[in-house]
Amino acid sequence: MANQTSVAEIVSEPYKYGFVTDIETEKIAKGLSEEVIHLISAKKQEPKFLLDFRLKSYRQWLKMKEPNWAELKYPPIDYQDIIYYAAPKQNEKKSSLSEVDPKLLETFDKLGIPISEQKRLSNVAVDAVFDSVSIATTYKEKLAEHGVAFCSISEAIVEYPELIEKYLGSVVPFSDNFFAALNSAVFSDGSFVYIPKGVDCPMELSSYFRINSGDIGQFERTLIIAEEGSSVSYLEGCTAPMFDTNTLHAAVVELIALNDSSIKYSTVQNWYSGNEKGIGGIYNFVTKRGHCRGKRSKISWSQVETGSAITWKYPSCILQGDQSIGEFYSVALTNNKQKADTGTKMIHIGENTRSTIVSKGISAGQSSNSYRGLVQIGPKASGAKNYSQCDSMLIGDQAEANTYPYIRSQQPESSIEHEASTCRISEDQLFYLQSRGIGFEEAVSMMVSGFCRDVFNQLPMEFAAEADKLLALKLEGSVG
Amino acid sequence: MIRENSELLIEITDLHASVEDQPILNGVNLKIKAGEIHAIMGRNGSGKSTLSKVIAGHPAYKVTSGSISFQGINLLELEPEDRARQGIFLGFQYPIEIPGVSNLEFLRVATNSRRKQLSHEELDTFEFEDVVREKLKIVQMDEAFLNRSVNEGFSGGEKKRNEILQMALLEPMVSILDETDSGLDIDALQIVAAGVNKLAKAETATLLITHYQRLLNEITPDFVHVMAAGKILKTGNKDLALELETSGYEWVDQEIKNEAGNS
């Protein structure tokens with residue numbers, strides 16, 4: 001009688017995006033030096049200010065140490081053993097999608113991100129990034145009618161150099177941290193979004209990042225600027241093939257929100273996480289930060305983190321404008337030997353600024369899942385308010401969950417609330433659902449998705465169901 | 001109602017079960033036929049609740065010997081969800097709270113799993129809402145309950161009514177109600193009892209597990225069994241319950257002693 005399968009056993013599902021696209025790739029030699037940076041910059045035909053920015057970053061990086069304060073243990077990374085630029089070979093600049101290598105379109109089709117004219121998602125514009133370069137951006141013309149710029153950052157550097165020069169590195173300075181400095185030196189591509197004054201972006205914007213080559217590092221750079229009174233919702237997705245070596249991914253995302261504007265940034269991260277023994281998988285070191293520069297501006301981060309061998313990521317908000325609002329909604333699921341150290345920083349500078357943090361960590365297998373968050377209230381932030389809720393769910397008896405909340409307040413007229421809980425899916429809860437005819441696997445997945453509901457409710461509608469499915473897949477296994 | 005030729009639904013034969021190697025059931029024998037209402041009474045620790053959980057398939061209880069057959073099927077070979085799909089229903093003494101899972105969605109998934117078994121069309125969200133609205137009347141529950149998380153923050157009475165609502169939706173063949181009367185005030189008790197009476201059919205059966213006569217004033221049993229030390233010690237009609245109400249369980253202790261002396 002009873003269950004032949006334990007909860008721990010069912011939380012493993014083969015990775016569905018592990019295929020490699022067989023395409024000729026142009027790669028530069030391994031290793032990092034000033035010459036390599038010159039080479040990358042030349043390949044992208046960049047203006048001088050950008051080359052200088054890269055070199056400055058590189059020199060800074062050389063002086064910096066890899067951070068080791070996170071709950072993450074991994075073998076040392078050899079930065080000279082990484083290829084810093086790889087691009088699928090194709091003829092010069094594409095004027096239309098029909099000229100893009102069908103193999104690339106097929107790849108994105110297979111990933112469920114159709115970009116060809118006939119199949120593309122209605123109401124979602126997609127920028128597809130393959131290894132180091134952007135392949136295609138859909139709905140560009142339609143967006144341009146509204147004055148919205150949505151393109152790869154390489155294009156933006158050529159087409160909007162003044163915006164790039166003004167904003168790039170203004171939220172995450174090149175000297176911010178080891179990985180941000182590295183990214184600033186070698187970033188290859190990523191997305192650029194500019195929403196002009198008073199415009200509500202008419203579609204969801206989305207970038208899809210695909211690592212295809214095994215020995216390259218992916219260093220994407222995203223910059224989103226929301227002018228006064230504008231709004232935008234942006235989603236990024238990521239997958240990678242299965243390799244038995246670890247691949248480095250170090251991205252930087254900067255968001256700038258001016259007066260009365262709002263940016264919603266959602267992530268569904270499903271990089272390859274390595275096998276059940278922890279071999280292979282992506283090392284994901286990401287610096288994401290939003291600057292609520294304007295009054296009454298709002299930046300909202302939502303993330304569903306399910307992949308990567310290592311996740312090091314703290315999407316943050318600098319709440320400078322009075323009455324600005326920062327939000328962070330996170331679901332992080334770790335399984336097998338995955339390690340995630342993720343959370344947020346809410347830096348309250350302006351008066352009456354508000355922030356909300358909702359973090360849900362699910363640890364299964366022998367994984368470790370830590371929430372690390374800082375709430376800082378500066379001396380001028382009178383009336384600032386923060387609410388934080390950090391919940392952990394343990395599946396099986398070998399997983400680990402940690403919570404590290406840091407709170408610093410220099411303002412007596414402020415309020416900070418922190419709630420935390422840890423739970424385990426109990427045998428009694430499972431039995432209750434089963435005794436109503438609900439299968440074991442479905443019962444687990446129902447409870448996990450119930451646990452994450454507060455966060456899923458924050459995702460753009462098109463992707464909430466997707467995220468739910470993704471978790472269910474991760475939890476699906478060999479029952480029956 | 002006892003009828004001569006009605007179908008035998010459940011047959012429990014010499015059932016022994018233990019939890020954490022501690023024997024709790026020590027040879028239970030019980031037959032339940034279609035149309036009948038049975039009540040099992042007994043003190044705390046007599047094994048009544050264990051019996052109900054073993055029938056439903058709780059993984060913490062290990063059957064060490066004996067059998068349970070349900071309409072000729074060996075129930076012990078089935079996972080709990082398959083028992084439920086076949087038509088076994090356990091109304092919990094302490095219904096479990098499941099935060100974040102919407103009651104409506106839970107009820108729909110549960111109902112559809114039973115319907116699928118019966119080869120009935122599964123219900124989509126809209127169709128299900130119509131069905132559940134009808135069933136809510138049986139337990140006089142407000143629709144607002146549907147939008148809350150399963151049992152979360154429900155009062156004792158609300159939880160029990162939610163159990164009967166599930167019973168109404170799942171249309172089980174055998175309903176086992178484990179101390180459904182506990183923690184209920186008289187109004188809630190009457191609502192719950194009226195629901196059970198309304199749902200009782202000629203082709204289904206009910207097994208009530210209770211401490212007290214007061215539930216049996218509302219739902220008249222055809223058989224009353226007295227359980228002690230993991231066995232059914234005595235079986236009678238509804239008058240046996242009344243007898244227990246007036247004279248208590250001391251005589252049970254006496255019988256156990258006598259039995260121990262004889263063996």
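The values are calculated or read from the model by the stated rules, or taken from the named source; none is laboratory data. Quantities reported herein were computed from a predicted structural model and do not represent experimental measurements. Cβ coordinates were reconstructed from backbone atoms using ideal geometry, including for glycine residues, and neighbour counts include every protein chain displayed. Side chains included, ligands, DNA and RNA excluded: accessible areas come from the protein's heavy atoms. Shrake-Rupley method; radii C 1.70, N 1.55, O 1.52, S 1.80 Å.
Counting protein heavy atoms only, the stretch A:17-429 has 48 percent of its accessible area on carbon and sulfur, 1.4 angstrom probe. Loop-located trypsin sites (Lys or Arg not before Pro) in the stretch A:193-287 (DSSP state other than H, G, I, E, B) with a sparse environment of at most 16 neighbouring Cβ atoms within 10 Å: A:Lys197, A:Lys277.
Label-to-label distance for B:Ala202 and A:Glu400 is 6.6 nm, based on points extended 7 Å past Cα in the beta-carbon direction. DSSP finds beta bridges in the stretch B:62-194, and of those with both partners inside it, around 50 percent are antiparallel.
Beta bridges per DSSP, both residues in the stretch B:8-262: antiparallel share near 60 percent. Partner shielding of A:442-452 amounts to 4, given as the average count of beta-carbon atoms from other chains within 10 Å of each residue beta-carbon. When both the stretch A:316-392 and the stretch B:91-167 are represented by their alpha-carbon centers, they are found 35 Å apart. Between A:Tyr329 and A:Trp301, A:Ser302, A:Gln303, A:Val358, the built amide H atoms are under 5 Å apart, and every one of these is 5 or more places off in sequence or on another chain. Counted without the sites themselves, the longest stretch of chain A free of GluC sites (Glu not before Pro) in a DSSP loop having at most 10 other beta carbon atoms within 10 Å is A:118-480.
Taking the alpha-carbon centroid of each part, what is the distance from the stretch A:402-426 to the stretch B:190-263 in angstrom? About 52 Å separates the Cα centre of the stretch A:402-426 from the one of the stretch B:190-263.
Rolling a 1.4 Å probe across the protein heavy atoms gives the stretch A:385-466 an accessible surface of 47 Å² per residue.
For chain A, the mean residue ellipticity at 222 nm estimated from helices alone is -6500 deg cm²/dmol, where every DSSP H run of n ≥ 4 contributes -39500 (n - 2.57) and the total is divided by all residues, rounded to the nearest 500.
Using the Cβ-Cβ distance between B:Thr125 and A:Gln80 with R0 set to 51 Å, the FRET efficiency works out to roughly 0.35.
Here is what passes the span test in chain A: the DSSP H helices with alpha carbon length of 20 Å or more along the helix axis and a Kyte-Doolittle mean of -0.5 or above are A:461-475.
Adding -39500 (n - 2.57) for every DSSP H run of four residues or longer, then dividing by how many residues chain B holds, sets the calculated 222 nm ellipticity at -12000 deg cm²/dmol. For the stretch A:30-91 versus the stretch A:259-280, the spacing of their alpha-carbon centroids is 21 Å.
Report ³J(HN,Hα) in whole Hz for each residue of the stretch B:247-259, in order, from the Karplus equation J = 6.51 cos²θ - 1.76 cosθ + 1.60 where θ = phi - 60°; Gly and Pro get x. After applying 6.51 cos²θ - 1.76 cosθ + 1.60, I find 9, x, 9, 4, 4, 5, 4, 4, 5, 5, 4, 4, 4 Hz.
Can you tell me what percent of all Cα-Cα pairs in the stretch B:22-93 are more than 19 Å apart? Distances greater than 19 Å cover 34 percent of the Cα pairs.
DSSP assigns beta bridges within the protein assembly as shown; of those with both partners inside it, close to 20 percent run antiparallel.
The GluC sites (Glu not before Pro) of the stretch B:100-146 meeting both criteria, a DSSP state outside H, G, I, E and B (loop) and at most 16 other C-beta atoms within 10 angstrom of the site's C-beta, are B:Glu121, B:Glu122. In order along the stretch B:181-193, the phi-based Karplus estimate (6.51 cos²θ - 1.76 cosθ + 1.60, θ = phi - 60°) of 3J(HN,Hα) comes to 7, 5, x, 9, 7, 5, 5, 5, 4, 5, 5, 4, 5 Hz; Gly and Pro are listed as x. Once the 1.4 Å probe is applied to the protein heavy atoms, chain B comes out at 44 Å² accessible per residue.
A crude spin-label estimate for the pair A:Ser426 and B:Glu250, with each label 7 Å from Cα along the Cβ direction, gives 3.9 nm.
Pairs over the 21 Å Cα-Cα cut-off, from the set A:Lys27/A:Lys63; B:Lys31/B:Lys135; B:Lys31/B:Lys201; B:Lys53/B:Lys135: A:Lys27/A:Lys63; B:Lys31/B:Lys135; B:Lys53/B:Lys135.
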